[in-house]
Amino acid sequence: MTHQPHTQIAIIGGGISGLWLLNVLGNLGYSVVLLEQEALGQAQTFASQGMIHGGIKYALGGFTTPASESIASMPETWRQCLAGGGPLPLTGVNTLSDAYYLFSDGSLGSKVTAFFGSKSVRGRVTPLAPSNYPALFANPQFSGSVYQLQDMVIDTPALVNALAAPYQAHIYQCQAKLIRSLTGEVTGIDTGHGILTADCYILSAGTGNAELLASDNPSSIAMQRRPLQQVMLKGHLPQAYAHGVSLRTAAKPRVTITTHPCEDGDNVWYLGGQLAEDGIDRSEGAQIDIARRELNDLFPWIDLGAADWATLRVDRAEPANDLQRPDSPFCQRSHNTITCWPIKLTLTPMLADQVCAAIDLKPAGCAADPLSLSPAKPGKTPWALAF
Ligand SMILES: Cc1cc2nc3c(=O)[nH]c(=O)nc-3n(C[C@H](O)[C@H](O)[C@H](O)COP(=O)(O)OP(=O)(O)OC[C@H]3O[C@@H](n4cnc5c(N)ncnc54)[C@H](O)[C@@H]3O)c2cc1C
């Protein structure tokens, strides 16, 4: 009889949540296997803007919110990790920017301006004097205000590589399908090349969780997708790490910009925020036209004439919440299966704490049985695929 491979914990999905959990649980001494259907990071994780943020963008209405509070301590946790400490040392992972800015087009309301100077957000928002503006805003045509946030922008490919490297031998490529008993309990994973059994199954498959949960009939957990159409432009562009806000878009950044260096020396500006939310029903061309106008309006002194443009349609995967963003990570255990979504890349350390608390196994301290599957490798960023 052939031996059926077994592991204590099987993780499905190789985005930030699955990879982070692989490291945390492996470091605790559990035998762990991670299954990824395509390439590590290539779904929401590489589509993200990499911002590790403290929630100020959720407080643009001029008051703190549950979302802005639950995330407030996260930049400090990540800074500890990047310095080699914290819940998961991330030495070798670089930030693209150690600072993130918020700028107004001159029309920011006095209520918000007063709030940014108030005690409730002290340390999280610092109004800057023009002499301290980042180079992007050092132009006489800029008439707004600039605030520095405690946020930073992480290099997501470096993050995925650093999380994959120590456990590469435990990461396999396959589209996992759950096998369930008549009572709905997961009894194994069909890997396409055999069955893997585990004491505990973790579903951290982003949008893929919907299909995995569909095999549980009826499932108590429902997923929502919130779509975006992000915009990318590549060229000889300066570094920009900033939310543009104005009274026009009130409680949300009208555009959120991050900059990603390319191998040929160009930069990609990656645009999200209200622009990406409002653009879901536009054609690619219409979305690019609006993005171009938006940037010309915000930065008339920057020449975008030679840039190449593209868009990315992508869904955020979350537990159902009336199509509103949930405030905190989601982790729910049912029998021997834990379903999770981090909601934000930033909140992954918090999610990992919740998952660890939901596991009732003692670490075996031995390796999982090897599987006869190919290894899953890190994927490509949207801009590497587009340009
Ligand atoms: C455009 C955009 C911008 C964002 N910007 C930010 C930001 O700046 N800061 C922030 O904190 N958050 C941001 N987020 C949110 C953040 O990206 C996500 O919360 C996070 O990346 C989710 O990680 P994940 O590992 O749960 O899912 P994913 O990264 O989507 O990974 C899930 C993985 O599971 C795999 N999978 C699916 N089904 C199966 C299966 N059956 N078998 C095997 N593998 C499977 C997929 O191939 C995928 O690789 C952004 C999200 C988007 C979409």
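Each value in this text was obtained by applying a stated rule to the coordinates, not by laboratory testing. The shown structure was predicted, so the numbers you read here are calculated from the model rather than taken from an experiment. Cβ coordinates were reconstructed from backbone atoms using ideal geometry, including for glycine residues, and neighbour counts include every protein chain displayed.
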| task | Find how much the distance from ALA165 to ASN27 grows on full extension, using 0.36 nm per residue of separation minus their present alpha carbon separation; answer in nm with one decimal. | result | 48.3 nm
| message | Could you compute the net charge surrounding ILE154? Neighbours are other residues with a C-beta less than 15 Å from the C-beta of ILE154; K and R count +1, D and E count -1. | response | -2
| Label-reachable residues, region 191-235, where backbone N falls under 12 Å from a point 7 Å from ARG313's Cα toward its Cβ | 227-230
| query | Between ASP190 and SER143, what FRET efficiency follows from the Cβ-Cβ distance if R0 is 45 Å, with the result rounded to 0.05? | reply | 0.15
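Using alpha-carbon pairs under 8 Å, 6+ residues apart, how would you state the relative contact order of the chain in percent?
Details: 824 pairs, mean separation 100.8, N = 387.
Normalised by residue count, the contact order of the chain is 26 percent.
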| field | Residue (of PHE103, TRP20, HIS3) at the positive-pole extreme of the chain, dipole from beta-carbon charges | value | PHE103
| said: Could you work out how much longer the chain between ALA129 and SER283 gets when fully extended? Use 0.36 nm per residue separation minus the Cα distance between them, nm to one decimal. | reply: 51.4 nm
| Once amide H atoms are placed 1.01 Å from N in the peptide plane, what residues at a sequence separation of 5 or more from GLY85, or on another chain, have their amide H within under 5 Å of its amide H? | LEU90
| request: Please determine, in degrees from 0 to 90 and to the nearest 10, the orientation of helix 348-358 with respect to the longest principal axis defined by the Cα atoms of the chain, where the helix direction is its Cα long axis. | output: 30 degrees
| query | What is the gain in length, in nm to one decimal, between ASP369 and ARG79 on full extension, counting 0.36 nm per residue of separation less the C-alpha to C-alpha distance? | reply | 100.9 nm
| request: Principal axes first, then extents: for the Cα atoms of region 133-259, list largest minus smallest coordinate on each axis, whole Å, largest first. | output: 69, 35, 27
| message | Compute, for region 132-239, the length of the dipole vector about the Cα centre, with Cβ point charges of +1 (Lys, Arg) and -1 (Asp, Glu) only. Units Debye, rounded to 20. | response | 340 debye
| field | Most mobile listed residue (GLY206, GLY305, GLY14) in the chain, GNM with C-alpha springs under 10 Å | value | GLY305
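Can you pull a Stokes-Einstein diffusion coefficient for the chain at 10 °C (1.306 mPa s), Rh from Kirkwood over Cα pairs, as a whole number of µm²/s? List each step's numbers first, then the result.
Values: Rh = 21.9 Å.
Diffusion coefficient, whole number: 72 µm²/s.
Can you compute the FRET efficiency between TRP301 and CYS262 using 1/(1 + (r/R0)^6), with r the Cβ-Cβ distance and R0 = 22 Å? Round to the nearest 0.05.
Working: r = 23 Å, r/R0 = 1.04.
According to the calculation, E is roughly 0.45.
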| message | Taking the 0 to 90 degree range and rounding to the nearest ten, how far is the long axis of helix 284-298 tilted relative to the main principal axis of the chain, both from C-alpha atoms? | response | 50 degrees
| task | Taking 7 Å along the Cα-to-C-beta vector as the label spot, tell me the ARG325-LEU385 distance in nanometres, rounded to one decimal. | result | 2.2 nm
